[in-house]
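Right, one structure below, let's go through it.
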Amino acid sequence: MRVIYPYTEKRTEESWVALVRYAPGGETFYLGESDLAYGELLERLWAKGETFLVVEHDIIIGRDTIPEFATCEEEWCSAPYTYFDQPVTTSGGGLGCTKFGAELMARWPTMMHQANQLPCVGHANGHWCTRDLAIYTILRAGGNFASQYPARRHDTHTEVGHRAGLCAHGCKDTL
């Protein structure tokens with residue numbers, strides 16, 4: 001399983017230290033050049049069809065996080081955390097610490113492209129802020145073909161840490 005660490009200049013020190021300690025082979029991707037870079041990265045990863053775990057740059061993983069996800073047989077799973085005093089199971093479900101399995105990508109190879117085309121109010125299609133909602137919406141609804149049956153997110157993994165604060169660009173306050 002690949003461990004993917006997308007980050008910008010807003011990366012937290014605690015998150016970085018945890019990644020280096022618990023996932024030293026994690027792959028880092030700087031996404032600060034474009035608001036669409038996160039969606040583009042996810043689409044490229046999806047097209048490769050290899051299981052990957054996203055650990056966002058403000059998530060603090062623990063000693064057991066990576067082994068727990070590596071042994072989980074579910075095609076879509078995540079670790080809970082709190083954001084805006086709400087669990088990530090609300091709204092788009094959050095991508096903070098989420099695994100996408102090769103089986104899901106194989107049966108639905110166009111899903112991430114579809115998610116990047118899904119309009120989300122107040123944001124350009126593919127904007128980093130709405131990747132969780134777009135992905136969650138499409139996976140929960142299902143597609144037009146038998147292989148695109150709705151996915152169920154397995155969210156019983158151990159909770160991970162998350163930095164407190166406002167959305168990086170303030171949209172949560174205005175929408």
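Give the residue, chosen from 55, 20, 3, that is farther than 24 Å from residue 138 by Cα and either buried (at least 21 other Cβ atoms within 10 Å of the Cβ) or aliphatic (A, V, I, L, M) (or both).
On the way: 55 fails: farther than 24 Å from residue 138 by Cα; 3 fails: farther than 24 Å from residue 138 by Cα.
So the residue among 55, 20, 3 that is farther than 24 Å from residue 138 by Cα and either buried (at least 21 other Cβ atoms within 10 Å of the Cβ) or aliphatic (A, V, I, L, M) (or both) is 20.
To keep it simple, each residue is scored yes or no on (1) within 13 Å of residue 4 (Cα to Cα); (2) touching a strand residue (DSSP E or B) at 6+ places or on another chain (Cβ under 6 Å); (3) not in a loop (DSSP other than H, G, I, E, B).
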| residue | (1), (2), (3) |
| --- | --- |
| 25 | yes, no, no |
| 99 | yes, yes, yes |
| 112 | no, no, yes |
| 140 | no, no, yes |
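Just to be sure I understand, how many residues within the range 56-82 are hydrophobic (A, V, I, L, M, F, W, C) and over 10 Å from residue 160 (Cα atoms)?
We begin by selecting, within the range 56-82, every residue hydrophobic (A, V, I, L, M, F, W, C); these are 59-61, 66, 69-70, 72, 76-77, 79.
Then drop every residue that is not over 10 Å from residue 160 (Cα atoms), which leaves 66, 69-70, 72, 76-77.
Within the range 56-82, residues that are hydrophobic (A, V, I, L, M, F, W, C) and over 10 Å from residue 160 (Cα atoms) number 6.
Matching residues to (1) part of a helix (DSSP H, G or I); (2) of a type in the set (Asp, Glu); (3) touching an Asp or Glu at 6+ places or on another chain (Cβ under 8 Å); (4) in contact (Cβ under 8 Å) with a residue 24 or more places away in the chain:
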| site | (1), (2), (3), (4) |
| --- | --- |
| 10 | no, no, yes, yes |
| 15 | yes, no, yes, yes |
| 32 | no, no, yes, yes |
| 62 | no, no, no, yes |
| 67 | yes, no, no, no |
| 74 | no, yes, no, yes |
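Please state which one of 169, 157 is touching an Asp or Glu at 6+ places or on another chain (Cβ under 7 Å) and at pLDDT below 70.
Values: 169 fails: touching an Asp or Glu at 6+ places or on another chain (Cβ under 7 Å).
None of the other options fit; the residue is 157.
Can you say whether residue 38 is touching a helix residue (DSSP H, G or I) at 6+ places or on another chain (Cβ under 8 Å) and farther than 19 Å from residue 79 by Cα, as far as the supplied structure shows?
Working: touching a helix residue (DSSP H, G or I) at 6+ places or on another chain (Cβ under 8 Å): yes; farther than 19 Å from residue 79 by Cα: yes.
Answer is yes for this residue.
The values are calculated or read from the model by the stated rules, or taken from the named source; none is laboratory data. Keep in mind it's a predicted model, so treat the numbers as computed, not measured. Positions of Cβ are backbone-derived with ideal geometry, glycine not excepted, and every protein chain shown enters the neighbour counts.
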